[in-house]
Amino acid sequence: MGLKLAIDDFGTGYSSLSYLKQFPVSKLKIDRSFVREVAVNPDDAAITAAIIAMARSLSLKVIAEGVENEAQMSFLRLHHCDEIQGYYFSKPLAADKIADKLRADYPEVQIRAQASAGTP
């Protein structure tokens, strides 16, 4: 069917390492409680780095939730986190505002699209 399974809030609550064997998981979402202080708390940094390393060794993608600042982003880039989500990029938007946000943040994409379409 082409569906992929992600474990949300990995590392908290009911997420268990045994789920990685029991289910056809393709992604782990690192809970924001670890990401929040990843740049200043050695324990959060160690847990986050370990989740990323473990996921990579199992050929899983990793998503970090709740990224809000450059320090968090730098840490996650350094550790090769696959996907990032959070207010660092944008607050939640209504569906009709997403295209405007992307055009404002990435004008070079619009310019390239116009150039490839032959639009001046």
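Could you please tell me which pairs satisfy a Cβ distance under 7 Å, a separation of 6+ or placement on different chains, a first residue in the stretch 6-35 that is closer than 13 Å to residue 60 by Cα, and a second residue that is among the aromatic types (Phe, Trp, Tyr) and open to solvent by 50 Å² or more (accessible area, probe 1.4 Å)?
7/19; 25/19
Considering only the stretch 54-100, state which residues are open to solvent by 60 Å² or more (accessible area, probe 1.4 Å), more than 21 Å from residue 8 (Cβ to Cβ) and under 15 Å from the mean Cα position of the chain (by Cα).
Start the filter on the stretch 54-100 by keeping residues that are open to solvent by 60 Å² or more (accessible area, probe 1.4 Å), which leaves 56-59, 61, 68-70, 77-78, 80, 83, 85, 87-89, 91-93, 95-98, 100.
From the residues that got through so far, the ones that are more than 21 Å from residue 8 (Cβ to Cβ) too are 69-70, 77-78, 95-98, 100.
Within the stretch 54-100, 69, 70, 77, 78 meet the criteria.
Can you give me the number of residues within the stretch 2-52 that are of a type in the set (Ser, Thr, Tyr) and part of a helix (DSSP H, G or I)?
Filtering the stretch 2-52 down to residues of a type in the set (Ser, Thr, Tyr) leaves 12, 14-16, 18-19, 26, 33, 48.
From the residues that got through so far, the ones that are part of a helix (DSSP H, G or I) too are 19, 33, 48.
The qualifying residues number 3.
Within the stretch 1-53, how many residues turn out to be farther than 24 Å from residue 68 by Cβ and either modelled with pLDDT of 90 or more or surrounded by fewer than 16 Cβ atoms within 10 Å (Cβ to Cβ) (or both)?
The total comes to 15.
The values are calculated or read from the model by the stated rules, or taken from the named source; none is laboratory data. Because the structure is predicted, anything quoted here is derived from the model rather than measured. Backbone-built Cβ (ideal geometry, glycine too); neighbour counts: all protein chains shown. Calculation scope for accessible area: heavy atoms of the full protein, side chains included, ligands and nucleic acids excluded. Shrake-Rupley method; radii C 1.70, N 1.55, O 1.52, S 1.80 Å.
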